[in-house]
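See structure below.
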Ligand code: G4P
C-alpha cells in the first residue's frame, strides 16, 4: 500500500523551511503519541541544523501511557531534544512548552529579547489545535480531514516567544511500508486512499501480539486465534457482521476494528516501539542504499551509452 505524495510539494516545503531555519532558535515537532516514529517527517532532522527540538507526543490520551513514557526517554537520548506528552485536555499544561523552549535557548530569554520557535508536524497530528491552545485564541484552522494547503504564519505568544507555523506541508514517512499501515490505522492518511481490509489485517496482527488482553475484552473472545484473518472472522461473527450465505462481512468488521482503534475504545494503544523503530530504520537504510546504487548504475550506463554513440559518430 503506497502513500500518495507529491515530490513537488515536498521540495517546495523543503526550500521554504531551509530559508527560514537560520532565524529559528528552537523547533517544536508535533508527533502522534501512538506512532512517534511513523508520524515523524524526515525533513525535521535533516533541516534542523543542530537546533534544539521540543518533541510533543500529542494525542497521548489515545496512546498507551507506559509506551509514551518509554518513547519520551528514547527521544531524549538525542542531544538537544526534550520530549513532552499532551492529550486532548492540554490547556492547563501547555505552559510546559514555553518553559522547555526557554530552557533550550536561554540566551533568547529576557527583556527586549524574542525567542523564535518553528512548529512542525505532518497533517492531522494536532498541530493547529496545539497552536490555538498556545496562543489562547483561534489562529489556526482545525479539521477532521488532513489539510491540503497552509499559508505560513507568525503568532506572538505572551511571554517573548514568536511562534512560526511551518511553511508548506510536511509529509509523513513514505519509505517504510509499516509506517504507511500505521498512519492509515491511526487516521493520518485520507480514508479514500486506504484499503480497510489490508490495514485491519495489519492492525489485527500487531494487536494480537502486543495487546491480546484488550482484544479479548473488547471483542469478547476468550481464546484468541493466531492469525489476523481468523481474528477478523471471529470478531465479525461476534459483532453480527454477516452477509448473504452466512458469510462474515470482513470489510464491515475491518471498518469497525479501525474505527474502534482510532477512538481508543479498544483501549489506549501505541502502534510502534523504539525497538521497532531501530529495526525498521536499518531496513529503510538498506532499501535507500539499494535504490541509490540502482540509480547510480543507470546513470553510469547512460554515460557509457552516450560515450559509445559519440565514438561511433566520429
Ligand atoms: P493538524 O493541524 O495537525 O492537521 O491537526 P488538527 O489540529 O486539525 O487536529 C486533527 C484532529 O486531531 C482533530 O480532530 C483534533 O480535535 C484532534 N486532536 C488534536 N489534538 C488531540 C489530542 O491531544 N487528543 C485527541 N484525542 N485528539 C486530538 P477532528 O476529529 O479532525 O476534528 P474535531 O472533531 O476536533 O473538530
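Every number in this text was worked out from the coordinates using simple rules, so none of it is lab data. Here the structure is a predicted model, which means the values were calculated and not measured. A quick note on method: Cβ atoms are made from the backbone with ideal geometry, for glycine too, and the neighbour counts reach across all protein chains shown.
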message: If I take R0 = 22 Å and measure r between the Cβ atoms of residue 99 and residue 16 in this structure, what FRET efficiency does the formula 1/(1 + (r/R0)^6) give, to the nearest 0.05?
response: 0.15
query: If you stretched the chain out fully between residue 292 and residue 239, how much longer would it get, using 0.36 nm times the residue separation minus the C-alpha to C-alpha distance?
result: 14.3 nm
query: Going highest first, how would you order 77-86, 48-57 by mean Cβ packing within 10 Å?
result: 48-57, 77-86
statement: Classified through the alpha carbon gyration tensor (a ≥ b ≥ c as square roots of its eigenvalues; rounded if a/c is under 1.5, else prolate when a/b is larger than b/c, else oblate), the range 8-165 comes out rounded
- line: Footprinting proxy, 95, 37: sorted fewest to most Cβ within 10 Å, the residues are 95, 37
task: Tally the DSSP beta bridges in the chain and give the antiparallel ones as a percent, rounded to 5.
output: 20 percent
message: I need to check one value: relative contact order of the range 195-262, counting alpha carbon pairs closer than 8 Å and at least 6 residues apart, in percent.
response: 37 percent
query: Which value at 222 nm does the chain reach when only helices count, each DSSP H run of 4 or more adding -39,500 (n - 2.57), with the total divided by all residues and rounded to the nearest 500 deg cm²/dmol?
result: -15000 deg cm²/dmol
task: Using 0.36 nm per residue of separation minus the Cα-Cα distance, give me the extension gain between residue 259 and residue 141 in nm, one decimal.
output: 40.1 nm
Residue 174 versus residue 159: modelled label distance in nm, points set 7 Å from Cα along the beta carbon direction: 3.9 nm
message: Need one word for the chain: rounded, prolate or oblate. Basis is the Cα gyration tensor (sqrt eigenvalues a ≥ b ≥ c); a/c below 1.5 gives rounded, then a/b vs b/c decides.
response: oblate
